[in-house]
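Take a look at the structure set out below.
The values are calculated or read from the model by the stated rules, or taken from the named source; none is laboratory data. Computed from a predicted structure; not experimentally measured. Ideal geometry is used to build each Cβ from the backbone, glycine not excepted, and the neighbour counts take in all protein chains shown. All accessible areas refer to the heavy atoms of the entire protein, side chains included, with ligands and DNA or RNA removed. Shrake-Rupley method; radii C 1.70, N 1.55, O 1.52, S 1.80 Å.
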Amino acid sequence: MIKATINGKQIEVKEGTTILEAARLVNMRIPVLCKHPDLEAGSGCGICIVKAKGIGKMLRACSTMVENNMDITTHDPEIVSVRRTVLELIMSNHPKDCLTCARNQDCELQRLCAEFGIREDYFPNILERHKYKYDNTTKTIVIDGRKCIACGRCVNVCQKHQNVWALSFQKRGIETALSPAGDITLNESPCVKCGQCSNHCPVGSIVEYDETQKVWEALNNKDKYCVAQIAPAVRVSVGEAFGYPIGSNLTGKLVSALKKLGFKAVFDTNMGADMTIIEEGNEFVKKFKAKDNLPLITSCCPAWVDYLEKFHPDMIGNFSSCKSPHEIVGVLAKTYYAQKNNIDPSKIVMVSIMPCTAKKYEISRSQEMFSSGQQDVDVSLTTRELARMIKQSGIDFKNIEDAEGDSVLGTYSGAGTIFGTTGGVMEAALRTAYHLITNKELADVEFKAVRGLKGIKDTVIDVDGTKVRVAIAHGLANVDALLKEIEAKRAKGEPSPYDFVEVMACEGGCVGGGGQPYGVTNELRKKRAAGLYKDDESQKARCSHLSPAVQTVYKEFVGEPLGEKAHKLFHNHYHKRKTYNK
Amino acid sequence: MAEVTTKPSIDLAAIADKWKGKDGSLIMILHTVQDALGYVPRETSLELSRLTGVPLARIYEVLTFYHFFKLTPPAKYQISVCHGTACYLKGASDLTKELHNITGVNEGETSEDGMYSVTALRCVGCCALAPVMLVNGRVYGGVKPADVKAILNEIMKEGAQNA
Ligand code: SF4
Ligand code: SF4
Ligand code: FES
């Protein structure tokens, strides 16, 4: 343990604790800009400087470890004035478009300027940032390089945590520009559209591709029949935009708000998750028994699908052909629901509310996304976009009554709801696979070993004497490591170390998705996930195959799992894609 | 008269192999490529990325960080004007202006047909000759804007004779 003093108070911390972390022990908040709790310190911005007695220069709190007997001062007039200068210098190179910026009122730079009471341009605005990139070519995220403060968080996330390397800093010094490699657009780069860069940017330089206007227009079009669906992870995060405690489950309020916005029916993506489990569970058991192309790898995460098609096309044969939950609800809405309620499917506008930016890409990524005869999902909005729509509409979110989802497409099992967190798809699949393999029901449906935030989790599940080896990875760098392990074994002609693998591109799974409210940390991911596990515990049916909705849909409409109709509506093909299109 | 040029070819795999596992290997490989080709073509970078597993973004981070590396083929006539203090005071910017008048190329750019490039230099080391201009490595001292055209004509004539 290390003993030191911060602002005159004695502290004791573990070796390797930064001054930034230690300051919290004495309830002091040191401002940061380039440091994000998820990321290693880049030491770029200098706003976190502090003083330590006997050390001639100021220290960066984010990247300096506390040492024995250090006597640290976090705030004094000189420190504050240096921090102010840092801010003023950043501002001299930043457009002041706050009123029209997507991060207005939710921007780390804006907040700091407010706290420091910056009231004028101290330094002239000398640089022409307008020559930097504006790029909306992915139609999922938008880069506005004029606003970039070169903190490096997005590059760090994209390269080290997602291992995609779509983003980089090109050139240097005053000309440093955030860009893919060379003079190409983001869509020509390997970007998988996970949106983690947007979620880690402190300012409005990378944001989601906003499609709220498209949805308003559909809602106001008398000829259209607008329906919506809510993804698992959205219900436990949207509350953050309305001042709820983190992890509050707001399914009822969301349904109610969507109805008030004008949606004719509100479905639940959790129901689609239950359907995915039936198809994927059967697919798994079939392959597992035949020892055919193991491991089976889950495919409900579109950023992951894009990553696999670009970086591991040799593994396409291991990929579950099952579509993602919201695509299944989309196709069911335009077939089953439309037929039952006598609605012309071409009039239906299906809007998915997702924690995800990549879903915007998924909805038209291949011809199978049109299997109802129309585009199965018309628009995919992020949690952030929906929160804005609710606020714009004047709905008093906190005080509206709860409402329930419509039709059987609006009800779900506990297994469906945990899809929104890492380990959740695996756990849901195991609950049903157990039944499929043994024809029995689990006494205890919880598989705790697959839960939690460890980057790669692996365990062996005992299914009535049969051993099922599973692995779960989240964050694409972890995923890549896991795949390389499997590929290496395969290259040597050895059998796969796993039978079933779950992958989610974002750390924490969808609760940490690229379209979620800003400010994500592991603490937040845990609380959001806890909200989902609580929702699971409160459900009568906790296994997908026991959900009355699922049983009804198969009986009335689909027929057999993996049957002909199921294949036509719920399954998918994958293709090798180029990493660079230029 | 159309010129027949054979593009110098390189054995990238061999170069990459030579530097494999050594510190700073990426920079050394890129140096070797540029020495052979005069610039680092995008296809070469893409191929290098495949061969070494170094992401293209990292290769471009290095390529764009150092001014030394060029991403486009060198111009046939590489013109530089010294902007060291002496040359600057003696009217280097007038030379740059005149070069623009003649070739249409701004400082730091290459003409679209790949004929001319104009760059600024910091002190060539022969201040007594200020202002100094270089064409394909040949030094011209005491240049007046009115001389620029003649210098270019001379070099181009030589080029035509040698072809
Ligand atoms: S969306 Fe994901 S892959 Fe694309 S640039 Fe951002 S972090 Fe990288
Ligand atoms: S785009 Fe945002 S996260 Fe990326 S470097 Fe610029 S300010 Fe930082
Ligand atoms: S937060 Fe420490 S240098 Fe930026």
Fill in: Point-to-point label distance, A:GLU494-A:ILE174, nm (Cα→Cβ direction, 7 Å offset)
5.6
Worksheet item: With r defined as the distance between the Cβ atoms of A:ASP71 and A:THR459 and R0 fixed at 45 Å, what FRET efficiency is calculated, to the nearest 0.05?
Response: 0.40
Worksheet item: Using the Karplus equation 6.51 cos²θ - 1.76 cosθ + 1.60 (θ = phi - 60°), what ³J(HN,Hα) coupling, rounded to whole Hz, does each residue of segment A:148-164 give in order, writing x for Gly and Pro?
Response: 5, 9, 6, 6, x, 5, 5, 5, 4, 5, 5, 7, 8, 8, 9, 6, 9
Worksheet, complete the sentence: With no solvent term and unit scatterers on the alpha-carbon positions of the protein assembly as shown, Debye gives log₁₀ I(q)/I(0) at q = 0.07, 0.08, 0.11 Å⁻¹ of -0.61, -0.77, -1.22
Worksheet item: What ³J(HN,Hα) values, in whole Hz, does the Karplus curve 6.51 cos²θ - 1.76 cosθ + 1.60 give for segment B:84-91 when θ = phi - 60°, with x put for Gly and Pro?
Response: x, 3, 4, 5, 4, 5, 8, x
Item to complete: With unit charges on the beta carbon (Lys/Arg positive, Asp/Glu negative), name the residue among A:SER413, A:ALA166, A:VAL558 whose Cα is farthest towards the positive pole of the charge dipole of chain A.
Response: A:ALA166
Practice prompt. Taking a cut-off of 19 Å between Cα atoms, list the lysines near A:LYS448, but don't count ones fewer than 8 places away on the same chain.
Written response: A:LYS457, A:LYS467, A:LYS526, A:LYS527, A:LYS534
Discussion item. Buried by at least 30 Å² relative to the chain on its own: which residues of segment A:170-184 qualify, computing accessible area with a 1.4 Å probe on protein heavy atoms?
Written reply: A:GLN170, A:LYS171, A:ARG172, A:ALA181
Discussion item. If you scale each eigenvalue of the Cα gyration tensor by 5 and take the root, what three semi-axes come out for segment B:117-163, rounded to whole angstrom and sorted largest first?
Written reply: 21, 12, 9
Worksheet item: In nm, to one decimal, how far is the modelled label at A:THR521 from the one at A:GLN392, with both set 7 Å along Cα→Cβ?
Response: 3.2
Fill in: A:LYS160 paired with A:PHE242, simple spin-label distance in nm, labels 7 Å along Cα-to-beta-carbon
3.7
Worksheet item: What is the dipole size for the protein assembly as shown, taken about its Cα centre, with +1 at each Lys and Arg Cβ and -1 at each Asp and Glu Cβ, in debye to the nearest 20?
Response: 700
Practice prompt. Can you tell me the FRET efficiency between A:ASP106 and A:ASP402 if r is taken as the Cβ-Cβ distance and R0 is 30 Å, rounded to the nearest 0.05?
Written response: 0.70
Item to complete: Could you please state how large a percent of the accessible area of chain A is carbon and sulfur, counting protein chains only and using a 1.4 Å probe?
Response: 50
Worksheet item: Tell me, what is the Rg over Rh of segment A:185-267, with Rh the Kirkwood radius over Cα pairs?
Response: 1.04
Item to complete: Return one number: the angle in degrees, 0 to 90 and rounded to the nearest 10, between the long axis of the Cα atoms of helix A:302-311 and the longest principal axis of the Cα atoms of chain A.
Response: 80
Worksheet item: For the pair B and A, how large is the buried accessible area, both sides, in square angstrom to the nearest 100, if the probe is 1.4 Å?
Response: 1100
Worksheet item: Rounded, prolate or oblate: which fits segment A:81-223 when a ≥ b ≥ c are the square roots of the eigenvalues of the alpha-carbon gyration tensor, with rounded for a/c under 1.5 and prolate only if a/b beats b/c?
Response: oblate
Worksheet item: Using Cα atoms only, what is the angle between the long axis of helix A:251-261 and the major principal axis of chain A, expressed in degrees (0 to 90) to the nearest 10?
Response: 90
Worksheet item: Taking square-rooted eigenvalues a ≥ b ≥ c of the alpha carbon gyration tensor, is segment A:18-113 rounded, prolate or oblate, where a/c under 1.5 means rounded and, failing that, a/b exceeding b/c means prolate?
Response: prolate
Worksheet, complete the sentence: In terms of the alpha carbon gyration tensor, root eigenvalues a ≥ b ≥ c, rounded if a/c is under 1.5 and otherwise prolate when a/b exceeds b/c or oblate, segment A:449-499 is oblate
Worksheet entry | Share of carbon and sulfur in the accessible heavy-atom surface of segment B:21-163 [1.4 Å probe, %] | 54
Response to the item:
Over segment A:171-326, with neighbouring protein chains present, the accessible area per residue in Å² at probe 1.4 Å is 28
Practice prompt. Name the residues of segment B:41-67, by number, that are at least 10 Å² less accessible with every protein chain in place than in the isolated chain; the surface is that of heavy atoms, probe 1.4 Å, without ligands or nucleic acids.
Written response: B:ARG42, B:LEU46, B:PRO55, B:LEU56, B:ALA57, B:ARG58, B:TYR60, B:GLU61, B:THR64, B:PHE65, B:HIS67
